[in-house]
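Readers should treat all values here as calculations from the given coordinates under stated rules, not as data from a laboratory. Everything numeric in this text was worked out from a predicted model, so none of it was measured. Cβ atoms come from the backbone with ideal geometry, glycine included; neighbour counts cover every protein chain shown.
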Amino acid sequence: MPQFTRAIVRPPCSTFANGLTRVDLGKPDSTRALHQHEQYCCALQACGLSVLKLDADAAYPDSTFVEDTALVTERGAILTRPGAESRAGEVAAIEPVLRQFFPELKRIDAPGTVDAGDVCEAGNHFFIGISHRTNETGARQLTRLLSELDYSSSLIDIREIGNILHLKSGISFLGDARLVVIDELARRPEFSELELIRISPGEDYAANCLSVNGRVLIASGFPLFQERLDNLGFETVALEMSEFQKMDGGLSCLSLRF
């Protein structure tokens, strides 16, 4: 796994509760969401990252989920084109920030759409989900752009899996050929050469975890998954994510790490 030194985050804004969601878990509590986001930032800093905190942007209720706006790799960065029209301005807002670190940015063009939450980096290979947010045109554009950076990739259609929004809602790469995976994706041939860490029934939300410089950030409240990782020798850090779960968001969504 790459060693991260920086992360870009954006706190949830005053209109956060008006964002997009497919789940019915109630309205998020803004005060609690801000507290959970601050704890998330502290966890990244404890992992050795310098955290660049952008201003909250009430014009875009989903803008705290900065990961969807760009794919950042060791070899370059690619601006995405989110599949929800209401999020289009988020990319324009993140572009000048990323140019401070990546002067030459590639991008996904219309009619392609890509949410970076559908893109899972696994060493020098990327799994790209075709979903209700990432279309096939965008996924194939991304394959070409990644190839120009000397990365390989494969496409995984998740549109028939109703309980996840993005590919990374159901998988996370932890390094050393280990992949966390929900049951619905465990039999995919693309994962046949990986050691799969399967999520227990009822804990699917825990599949979106985050490997950062030797630690694994996980959502709290999923004891079977945490015990499994602990038994495998991972150092886990459990974080409250209830308010972001209400808005279809997970741990990886809340930062751009590089």
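The figures follow:
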| quantity | calculated |
| --- | --- |
| Length gained when the stretch residue 92-residue 3 is fully extended (0.36 nm per residue, less Cα-Cα span) | 29.3 nm |
| For the stretch 57-72, 3J(HN,Hα) per residue [Karplus equation, 6.51 cos²θ - 1.76 cosθ + 1.60, θ = phi - 60°, Hz, x = Gly/Pro] | 10, 5, 5, 10, x, 8, 5, 5, 8, 5, 4, 5, 8, 7, 10, 10 |
| DSSP-loop GluC sites (Glu not before Pro) across the stretch 84-159, with at most 16 other Cβ within 10 angstrom | 104 |
| Projected label distance in nm at residue 227 and residue 24, using a 7 Å step from Cα toward the beta-carbon | 3.2 nm |
| Counting all C-alpha pairs of the stretch 155-211, share separated by more than 18 Å (%) | 24 percent |
| Gain upon complete extension [residue 101, residue 213; 0.36 nm per residue less C-alpha separation] | 38.3 nm |
| The stretch 184-258: trypsin sites (Lys or Arg not before Pro) in DSSP coil with no more than 11 other Cβ atoms inside 10 Å | 187 |
| All-pairs Cα distance distribution in the stretch 1-141, expressed in whole percent, bin size 10 Å | 11, 38, 39, 12, 0 |
| Net charge, residue 90 excluded, C-beta distance under 12 Å - Lys, Arg +1, Asp, Glu -1 | -4 |
| Straight-distance crosslink candidates among lysines, where the alpha carbon sits under 22 Å from residue 246 and sequence neighbours closer than 8 are dropped | 27, 168 |
| Table column - 3J(HN,Hα) (Hz), the stretch 107-114, Karplus curve with 6.51, -1.76, 1.60, x for Gly and Pro | 8, 8, 10, 4, x, x, 10, 8 |
| Sparse-neighbourhood loop sites, GluC sites (Glu not before Pro) in the stretch 155-258 - DSSP loop, at most 11 other Cβ within 10 angstrom | 160, 193 |
| Extension gain from residue 154 to residue 184, taking 0.36 nm per residue of separation minus the Cα-Cα distance | 9.0 nm |
| Residue with peak Gaussian network fluctuation, the chain [Cα springs, cutoff 10 Å], from 124, 208, 135 | 124 |
| Compactness index (Cα Rg / 2.2 N^0.38 Å), the stretch 6-257 | 0.93 |
| Length-normalised contact order of the chain in % [C-alpha pairs under 8 Å, at least 6 apart] | 23 percent |
